[in-house]
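The values are calculated or read from the model by the stated rules, or taken from the named source; none is laboratory data. What you see is a predicted model, and the numbers here were worked out from it, not measured in a lab. Here the Cβ positions follow ideal geometry from the backbone for every residue, glycine too, while neighbour counts run over all protein chains shown. Keep in mind that these areas ignore ligands, DNA and RNA; they rest on the heavy atoms of the full protein, side chains included. Shrake-Rupley method; radii C 1.70, N 1.55, O 1.52, S 1.80 Å.
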Amino acid sequence: MKKILLSFLAALALVSCVRERIPEATPAEEGLVERTWTVSMTGEARATLDPGLRPVWEVGEELSVYDHVSRVGRIFKVSSVEGNVATITGLISAGGDTPFDAVYPAQCAGDWSSDVTADWKLPEVQSIPAGRNVCPDALVSTAHSDVPDGVIPFHNLASLLKVTVDREGISDLRIDLAGPSEDDSPRYRAEAASGTLATGTYFVAVDPGTYGGLTVTCLEPFGQGYRKSSSTPLEAGVGGVLNLGTVSDGKPWRYYDVTGVKSYGSQQDLLDETGLSSLLSGYELMLAIIFPDRYKTASAISYTYLSADPQGEPVELSALLYIPDAVLNGTKALTGISLTNHGTIASNAECPTMKAQFEGALAWKNYAMVMPDYYGFGASADRPQAYLDPETTARGNIDAYLAARQLLEDRKVSLPSRLYSFGYSQGGFNSMANLKYVSEHPELSISFEKVMCGGSPFDVELTWNAYTGGTFRNAIAFVPLSVVSVNEAHQLGIPYGDLFQGALLSNWKNWILSKEFTLAEINEKLGTDNLADVLNEDFLAGRGDAHDRVMAVCRGYSLTSGWTPPSGTKIFLYHSNQDDTVPYENLTSMKTFLDGVAPGCYTAYDGNNGGHINAVVSFVLNLVFEW
């Protein structure tokens, strides 16, 4: 932050303007005397920003008064307020009140400094209480007087930007000021202390200085916002107020925050990093034909964005964007965008922002590959994953896509109309969930040209019955993974003794909820391929309240009923009839459903292509020909 020369503050080092709570009782020290002074908040202090507002200073609030005898700061409290004048009271060393130096609100009471400059830092988030129009902790003011017997004036250090919000539902304001360099371009955020801001006028405190322009963004809780920019220079003076006018009528905008960028010398390097090269061993000639440009450079951009949790509350999620550098630098046009969905994972270390994904290499034809981490991974890893929850996952995926569009627009990338969605296993399920979501939300005006799904558990109840009936034993960790997700993400509160038994009952938090282990590692820890060894007997047999409540959620997850795919989207379904992890009958169930609601909307591929893992190669090759 900038250093502010304070001629009226002889020697005071401000550590932070964030209010510190000091113990009520002042330690007894010899030589301390009580002092009461009258201070004014008129003029430059701007304690009452608008007529009729409550004073920012209130009885009981704290200030730091600096003692020039013991050379430390001590806490004083506001004992009364009348209009723009307040009375403050506290203990100070005898004789330490001349000169008088103080700061509001109370700082970390520290040692006296003879330095005539003050390092001053505004709060990272300026929280505006209901009924107020400014963050009290952002109105840092200081006082200096050689005659403490008179009225002591306080002066604001911040400059204030006055903004008008005339749109309901705005939760916070973001202001980016154009400084001399990117590293010296301050960013500020003011938010409602709870809920959203009422329409009206607000003040955002900023560092005094000269700026080359600014951008103001008004955001709704889930990332939709409105942005206005100006390149007109502005002078933010100490204690001054600049009126920016109405700021909530700008261009619609989506929130995102870039958290990292990784460069690849070629997309072949990405293939090598993921291990796909060895998986495709023997297909070199085919790769050379269908993947000729895989030696061009690409970038992987990690970002966060706002979406909704299973309860519909705002949550910050994360995603990764793979894109050729030629598109970013403008030498190639963007062919299309793919909302790309990864398969089932149990470990946070496996999500896209943590580990390279082979799907990213499919950007070779100048595509932008948007890969969400999903709820419960990446930025939201402290939450339980919402496994096979189509509503939560699709909402998060679509929000990731909208944020990626904004990211590309801000980089001057021209956006094409072509939009794909694809994935294998859970990724295919989520791809279809994306299509269902946009069909139910036409207000988004999102149309997928193609949706491509491979080896997908579209019918969740069918898949559940195949596992609990003993037909599938290849990866039984899917079952407890699903159960924990349903119980935790949807807050059912079912006792785990009604769901699990044995070692799983004792270790489900560590094995599953922690997200420290892969599916293979969880299977190994279970030590069995028989669900009867790990599930509660009644739960496995389909008896009792616990079973009924879990299955009610799972039935609602299934994508084989209750919606109609939008016309114009081409659906491609793939499933090996030798799949040993996701029952092939899922393909039959989805085909039957689509035949009933949208005849002719899909093309199906199947055949003897090996088990679930081996069939990935066949799916990818079919996928590439559809690209």
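Here are some notes:
- Dipole magnitude of the range 175-240, debye to nearest 20 (Cβ charges: Lys/Arg +1, Asp/Glu -1, about Cα centre): 260
- A Cβ-based charge dipole, computed about the Cα centre of the chain with Lys and Arg at +1 and Asp and Glu at -1, lands at about 1560 debye.
- Take each peptide in 607-616, 191-200, 429-438, count the other Cβ atoms within 10 Å of every residue, and average; sorted highest first, the result is 429-438, 607-616, 191-200.
- Each peptide in 386-392, 466-472, 454-460 gets a packing score, the mean of other Cβ atoms within 10 Å over its residues, and the list from highest to lowest is 454-460, 386-392, 466-472.
- Shape box of the range 138-231 [Cα atoms, principal axes, largest first, Å]: 53, 34, 18
- Sum of -39500 (n - 2.57) over DSSP H runs of 4+, divided by residues of the chain (222 nm, nearest 500): -6500 deg cm²/dmol
- With Cα atoms, 0 to 90° folded angle of helix 478-489 axis to the chain main axis: 30
- Accessible area per residue in Å² at 1.4 Å probe, computed on the chain: 41
- Contact order normalised by residue count of the chain, Cα under 8 Å, 6+ apart, percent: 9
- Set the Cα radius of gyration of the range 179-259 against 2.2 N^0.38 Å, with N its number of residues, and you get 1.16.
- Between the range 578-627 and the range 531-558, the C-alpha centres lie 27 angstrom from each other.
- The mean of 1/r over all distinct Cα pairs in the range 430-585, once inverted, gives the Kirkwood hydrodynamic radius of 17.1 Å.
- Across the range 402-415, coupling constants 3J(HN,Hα) worked out from phi with the 6.51/-1.76/1.60 Karplus curve, θ = phi - 60°, read 5, 5, 5, 4, 5, 4, 5, 4, 5, 9, 6, 8, 6, 8 Hz, and Gly and Pro carry x.
- Ranking V151, I170, S181 by Cα position along the charge dipole of the range 141-183, where only Lys, Arg, Asp and Glu carry charges on their C-beta atoms, puts I170 farthest toward the positive end.
- Positive-end residue, the chain charge dipole about Cα centroid, Cβ charges, pick of G225, F458, T569: T569
- Residue pairs exceeding 29 angstrom between C-alpha atoms, taken from K262/K515; K355/K450; K121/K412; K332/K515: K121/K412; K332/K515.
- Of the residues Y437, W364, S380, the one whose Cα sits farthest toward the positive end of the charge dipole of the chain, with +1 on the Cβ of Lys and Arg and -1 on the Cβ of Asp and Glu, is W364.
- Residue-normalised convex hull volume from the C-alpha trace of the range 289-437: 104 Å³ per residue.
- For K509, a cut-off of 21 angstrom between C-alpha atoms picks up these lysines, skipping any fewer than 8 places away in its own chain: K525.
- Net length available on complete extension from L444 to D533 is 27.4 nm, with 0.36 nm assigned per residue and the Cα-Cα distance removed.
- The range 500-553: Cα Rg divided by the 2.2 N^0.38 Å rule of thumb: 1.20
- Protection proxy ranking for 260-271, 577-588, using the average of other Cβ atoms within 10 Å per residue and placing the highest first: 577-588, 260-271.
- Estimated FRET transfer efficiency (S185, L513; beta-carbon r; R0 51 Å; 0.05): 0.80
- Between helix 585-597 and the chain: long-axis angle, C-alpha atoms, 0 to 90°, nearest 10: 80
- Extended-chain gain in nm, criterion 0.36 nm per residue less alpha-carbon gap, S414 and L505: 27.5 nm
- Segment E461-A326, length gained on full extension (0.36 nm per residue, minus Cα span): 44.1 nm
- Under the simplified labelling scheme, the V597-V69 pair shows an inter-label distance of 8.1 nm, with each label point 7 Å from Cα along Cα→Cβ.
- Inverting the pair-averaged 1/r between distinct Cα atoms of the range 378-454 gives 13.4 Å as its Kirkwood hydrodynamic radius.
- Taking 7 Å steps out from each Cα toward its Cβ at N608 and T87 produces label points 9.7 nm apart.
- For the chain, the fraction of C-alpha pairs farther apart than 43 angstrom is 39 percent.
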